[in-house]
Amino acid sequence: MFAIFRERRRRLLRSRPVPNEWRAIIGRNLPFFERLPPNDQKELLGHVQVFLEEKRFEGCAGVEVTNEMRVTIATQACLLLLHRRTDYFPRLLTILIYPSGYIVDEERHLEGHVWEQGRKGRLGETGRAMGSMVLAWDAAKSGARDPSDGTNLVLHEFAHQLDFEDHVADGVPALGSRGDLRSWAEVMKMEFAALRAADEAGIPTLLNTYGATNPAEFFAVATEAFFERPRALRRQHPRLFAELSRFFRQEPDRFSSESELVARPAGA
Ligand SMILES: [Zn+2]
């Protein structure tokens, strides 16, 4: 019963008129938006309405949350929801915004009983049980302004949230069927191993080698490449592109601003 009520509420939110201020922010900060087909633009703005109504934003380290921050982050996050049945990142309640990268104390497992302690700079993070996400505003903004450099903090962190929707952080989001899962698992395993091997051999790769950390990071990094370098990804990793395209129900190479120069394979 509650679900029906919530869906009705969301439908109303999606049909609300979009404030001109939001359109101006999107025009300034999110060049990918105007390349989308009109129907996708409309759907995306509807999702942004729901997202901004349901998620809490908090400023940290002196940040005062502005509409520019809210709209810039929400519009990127909601790109991941287009064309799919979605519950709007249900495990995420609060987005914490820092002005820029922040330092964390970190324990890193090296081998056996050896752990390394240190202070490390970070731009963002989210966790399955956190209910929150941390984002550095400068990186969230610059990631959006260049939609084809292959790097996008917001898409990366929200891809982790999609991964959590089936309750495990394993690089496998909630897929449609067993057949989808089988094919996904096979392709991801192969591509992950290839990225690890290339990373160890020092061979340049299209995918950020941070994706070689574990399967969850691989999915997040592959999502960044899918939306930011889709033409290169389709050419160099056709099976990975196909799996992501089936999951996201999108073909971003059709509206990408990625230039042929950028799309050339590394080293060529
Ligand atoms: Zn990550």
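Extension gain for HIS83-THR213 works out to 43.8 nm (0.36 nm per residue, less the C-alpha to C-alpha distance). Could you tell me the distance between the Cα centroids of the stretch 217-262 and the stretch 1-76, to the nearest Å? That distance is 23 Å. Ligands, DNA and RNA are left out, and with a 1.4 angstrom probe the accessible area of the stretch 144-268 is 46 Å² per residue.
Quick check: at a probe of 1.4 Å, how many percent of the accessible area of the chain sits on carbon and sulfur atoms? Working shown, then result.
Working: 7110 of 13830 Å².
That share works out to 51 percent.
Using the Cβ-Cβ distance between ALA193 and ARG235 with R0 set to 30 Å, the FRET efficiency works out to roughly 0.90. Under the simplified labelling scheme, the GLU53-THR66 pair shows an inter-label distance of 2.6 nm, with each label point 7 Å from Cα along Cα→Cβ.
Taking every Cα-Cα distance in the chain and sorting them into 10 Å bins from zero, the calculated P(r) comes out as 6, 28, 37, 22, 5, 1 percent.
What is the antiparallel percent of DSSP beta bridges lying wholly in the chain, to the nearest 5? Please report the intermediate quantities before stating the final value.
On the way: 12 of 21 bridges.
Bridges in the chain that DSSP calls antiparallel: roughly 55 percent.
When a/c is below 1.5 the answer is rounded, else prolate if a/b is larger than b/c, else oblate, so apply that to the stretch 162-265 with a ≥ b ≥ c taken from the square roots of the Cα gyration tensor eigenvalues. Note, shape of the stretch 162-265 comes out oblate. Could you tell me which chymotrypsin sites (Phe, Trp or Tyr not before Pro) in the stretch 10-86 are loop residues by DSSP with no more than 11 other beta carbons within 10 angstrom of their beta carbon? Nothing satisfies the criteria.
The modelled label-to-label distance between LEU181 and ALA24, using points 7 Å beyond Cα along the C-beta direction, is 4.9 nm. In this rough spin-label picture, where each label sits 7 Å from Cα along the Cβ direction, the ARG35-ILE203 distance is 2.8 nm.
The values are calculated or read from the model by the stated rules, or taken from the named source; none is laboratory data. Keep in mind that what you see is a predicted model, and the values were worked out from it rather than measured. Here Cβ is always computed from backbone atoms with ideal geometry, including for glycine, and neighbour counts include all displayed protein chains. These accessible areas exclude ligands, DNA and RNA; they are computed on the full protein's heavy atoms, side chains included. Shrake-Rupley method; radii C 1.70, N 1.55, O 1.52, S 1.80 Å.
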